[in-house]
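Structure first, commentary second.
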Amino acid sequence: MGQVFAEVFGPDLGFINVGQKAIIEVPDLHEIFEGVVQSIDPIIDSTSRTTRVRICVYTESKLFSNMFVNVSMPVELDEAIVVPRDAVMDTGVRKIVFVQKNEGTFEPREIQSGWETDDGFEVKSGLKEGERIVVSGNFLLDSESRVQAGLQADTAAAAGGDSNG
């Protein structure tokens, strides 16, 4: 029996409980082991913003001190609207998806996201169930909308310049 210490980010701690199953992948050994969360440190490191989680692993001494491993802890999440990561344009300040208004017509819409996975985002607000969104190619739509907005501004400026002159 061995132990693995995993560093878990603060926002993810609400999903982890003592007794929870953990999957430990050891790239150096090309092996996967199962373990159980034994304890969660009560302190968040101020530099890394992580908390140490101790996992008991049932293996025959194949793990060594300072060995790097990948730890995943499967969790059950509440039902939610989830959009693929590729569908979201993350500006760093806002998260935008393109929603289909009519056939061939799309509008950019800001969403408020919740939890994130490797595959996508929970949508807390900004979308309704059943709305169709662009899953790939949103960069092209964003570029086209910027060009159209620029052309409209140029046209408006030209029209204003002609009427004053």
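The values are calculated or read from the model by the stated rules, or taken from the named source; none is laboratory data. These numbers come from a predicted model, not from an experiment. Please note: Cβ atoms are built from the backbone with ideal geometry, for glycine as well, and neighbour counts cover all protein chains shown. Remember, those area values only see protein heavy atoms, side chains included, never the ligands or the DNA or RNA. Shrake-Rupley method; radii C 1.70, N 1.55, O 1.52, S 1.80 Å.
Restricting to region 35-84, count the residues that are over 23 Å from W115 (Cα atoms), open to solvent by 80 Å² or more (accessible area, probe 1.4 Å) and in contact with a strand residue (DSSP E or B) (Cβ under 6 Å, 6 or more places away or on another chain).
So the count comes out to 0.
Kindly provide the set of residues from region 15-30 that are open to solvent by 60 Å² or more (accessible area, probe 1.4 Å) and part of a strand (DSSP E or B), ordered by number.
K21, E25 - these are the residues of region 15-30 that are open to solvent by 60 Å² or more (accessible area, probe 1.4 Å) and part of a strand (DSSP E or B).
Take the residues in region 102-121 that are open to solvent by 70 Å² or more (accessible area, probe 1.4 Å) and not in a strand (DSSP E or B); name whichever of them is nearest to V36 (Cα to Cα).
Checking each candidate, the answer is D118.
When the residues of region 1-23 are filtered to those that are of a type in the set (A, V, I, L, M, F, W, C) and closer than 12 Å to R54 by Cα, which remaining residue is nearest to the chain's Cα centre (by Cα)?
Ranking the qualifying residues of region 1-23, first place goes to V8.
Hey, among V99, V75, which residue is part of a loop (DSSP other than H, G, I, E, B) and either at pLDDT 85 or above or β-branched (V, I, T) (or both)?
Answer to the check: V75.
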